[in-house]
Amino acid sequence: MSSTPVAAEADDARTAIVSLYRAEDKIYARAVSGWFAGWRWAFVWVTQLVFYGLPWLSWNGRQAVLFDLGARRFYIFGLVLYPQDFIYLTGLLIVSAYALFLFTAVAGRLWCGFACPQTVYTEIFMWVERHIEGDRMARMRLDKAPLSVEKVLRKTAKQLAWIAIGLWTGFSFVGYFTPIHTLAASALTLDWSAWEIFWVLFYGFATYGNAGWMREQVCKYMCPYARFQSVMFDKDTLIITYDEARGEPRGGVRAKGRKTDLAAANLGHCIDCGLCVQVCPTGIDIRKGLQYECIGCTACIDVCNGVMDKMQYPRGLIRYDTQNGLQQHLKPQDEVRRIFRPRVMVYSAILLLICGALATSLWMRAPFKVDVVRDRGALARLVEDGWVENVYRLQIMNTTEQTQHYQVAASGLAQMVTEVPPSLEVGPAQALWVPLSLRVPPAVAEAAGTGAHRIEFTVRRVGGAPGDAARPQTEKSTFVVPR
């Protein structure tokens, strides 16, 4: 049976093509000023002064913070760390994780809104964009305008500024791994190594792409924190909220006006100006409730407070509050008391415990490290007069920045003779490999029997501050008596 035209039209009406990939509309975030915006910019200044300025600081004649991968030395002001100190990096990551959990449980996405590198660099790039292309409406008009000399110049200037910031960021990043003064001098002569060029360009491109082009896409789709943050929220977590009971029903500015009797007109304080949406860097409407796309930047709070001031209404239509606070109309002091709930107390206790353990470990950290490696080429051998000899390689790592002297002794078998210089000198933050041999007489070897016997090497620092000699380092090993 052939289909009729009417049936074909009905089939077409019921058919809809749904694309799996929807193009995102470009977000033109409006500039905002206010108390929270001031704090956000304070964090921008603090974080960038630390990031860009720290590599240029000097300490004891060297770069204050330097992760020298080639020499396997990590300098953090007066602290010198070795790969064997990896446990401290683990502790730092654990502290960061629990701090994030704690802050999120108390006040939501504070990290995202104020200190996350993505937020910070997006704020910087948007500032450049506004100063070159103008604020929201000017940028929208410029993008819709036909190609012109002014449009090309403005777009080019913006891109060049973004690229410069990205490259400087990549240069500063690499400056933590290569002494930055050396890196700067090498840049003038184009004498960078391949890996230095790669990481400057890679990190610079990542900054340029994430903060200049991707922006909210990173927060919404690439960052995992947005996905699991709700696990750490409860009804007493401070979040950015819209007071629906006070704001609804919404009304237009012209229809209402300042002198309108809101109760008689059945209107709330929200004048439906849409500014809270225009300033949002992720383009959400906070009036629809808590959404995972909200990064907690508080721009909507600042702009709404400005509107409330103009309308002579009380501030706080959009504010930091808790779900329980909104529903139960809690007073501020009641909400403060609810901060000290079991979840927060557990996070705080664990965080303090880990911080205390990490600080204590650093305080009690030995000023030198010792490793003992057996000579695999000759585990044991007979030498003159029937004595049994074992050969070892001893590594002494000086974790201070002064030249130190050490003495080595061995114990575990009777009449054991150690052949090693009486004093070993190790330079500042250097490691010294020392070959040494241990010998025992035939009678001792026969009494001990064949096989491996436990011994200990003891290394003491001499000539240092009072009390240093009482803190020896001990390493266990074995002495092999052959058959």
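Each reported figure results from applying straightforward, stated rules to the coordinates on display, with no laboratory input. Note that the coordinates shown come from a computational prediction; the quantities given were computed from them, not determined experimentally. FYI the Cβ positions are ideal-geometry reconstructions off the backbone, even for glycines, and counts take in every protein chain you see.
Listed values, structure above:
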quantity: Full-extension gain in nm, Ala409 to Tyr28, via 0.36 nm per residue minus C-alpha separation; calculated: 130.0 nm
quantity: Calculated FRET value between Leu362 and Trp127, using beta carbons and R₀ = 56 Å, to 0.05; calculated: 0.90
quantity: Packing-based exposure ordering (other Cβ within 10 Å, fewest first) of Met308, Met397; calculated: Met308, Met397
quantity: Segment Phe43-Met345, extension gain: residue separation times 0.36 nm, minus the distance between their alpha carbons; calculated: 106.0 nm
quantity: Where chymotrypsin sites (Phe, Trp or Tyr not before Pro) fall in DSSP loop in the range 30-84, at most 15 other Cβ within 10 Å; calculated: Phe77
quantity: Length-normalised contact order for the chain - Cα pairs under 8 Å, 6+ apart - percent; calculated: 13
quantity: Gain upon complete extension [Val149, Asp385; 0.36 nm per residue less C-alpha separation]; calculated: 75.4 nm
quantity: Sparse-neighbour loop sites [trypsin sites (Lys or Arg not before Pro); the range 258-349; at most 15 other C-beta within 10 Å; DSSP]; calculated: Arg258, Lys259, Arg315
quantity: Fraction of the pair-distance distribution of the chain above 27 Å, Cα-Cα pairs, percent; calculated: 72
quantity: Residue list for the range 155-190, given a label point 7 angstrom along the Cα-to-Cβ vector of Leu142 and an amide N cut-off under 13 Å; calculated: 155-162
quantity: Rounded FRET efficiency, nearest 0.05, which uses the C-beta distance separating Phe198 from Arg374 and R0 of 41 Å; calculated: 0.55
quantity: Tilt relative to the chain, helix 149-174 - C-alpha long axis, 0 to 90 degrees, to 10; calculated: 20
quantity: Links that overshoot a 31 Å alpha carbon limit, given the list Lys288/Lys310; Lys26/Lys331; Lys220/Lys331; calculated: Lys26/Lys331; Lys220/Lys331
quantity: Sites Val480 and Leu432 - FRET efficiency at Förster radius 35 Å, r taken between beta-carbons, to 0.05; calculated: 0.90
quantity: Percent of Cα pairs exceeding the 25 Å cut-off, where the set is the range 368-481; calculated: 26
quantity: Using alpha-carbon coordinates, inclination of helix 35-53 to the longest axis of the chain, degrees; calculated: 30
quantity: Cα long-axis angle, helix 194-207 against the chain (0 to 90 degrees, to the nearest 10); calculated: 30
quantity: Relative contact order of the range 368-481, defined on C-alpha pairs under 8 angstrom at six or more residues apart (%); calculated: 29
quantity: Computed [θ] at 222 nm, helices only, for the chain once each DSSP H run of length n ≥ 4 contributes -39500 (n - 2.57); calculated: -12500 deg cm²/dmol
quantity: Relative contact order of the range 49-186, pairs being alpha-carbon contacts under 8 Å that are 6 or more residues apart, as %; calculated: 28
quantity: Listed residue (Phe125, Pro224, Leu317) projecting farthest to the positive dipole end of the chain, Cβ model; calculated: Leu317
